[in-house]
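A short worksheet on the structure shown next.
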């Protein structure tokens, strides 16, 4: 009886992993259409029935003269043009911008100068 229980206990994760890793079902169920772009998410094994979408922008990046300013709304038209209707892989975070260490007073004074 114990060996039957152990066999069932061993077989259940194998069967479940085969169900979860079915590529056609998984990809279709994890693509979300926001109207201007489609994102491919990632099923998590930690939380069943949960899909994570990583690195989705919510505002325009603070570059150039917009640095240290209030965020601007996301330009969805720009995102649509850049993706050309392709599905964006949001299974992992995109590359991040490396920031230098704040070791001089120059960078800190730039922050204060930019504040209204």
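Values in this text are rule-based calculations from the coordinates and carry no lab data. Values in this document were obtained by computation on a predicted structure and should not be read as measured data. Here Cβ is always computed from backbone atoms with ideal geometry, including for glycine, and neighbour counts include all displayed protein chains.
Per-structure values
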read-out: Cα Rg, Dmax (largest Cα-Cα span) when computed across the range 34-92, Å; value: 14.1, 43
read-out: Förster radius 25 Å - calculated FRET efficiency between residue 80 and residue 58 (Cβ-Cβ, nearest 0.05); value: 0.95
read-out: Spin-label model distance (nm) - residue 38 vs residue 70, 7 Å beyond Cα toward Cβ; value: 3.6
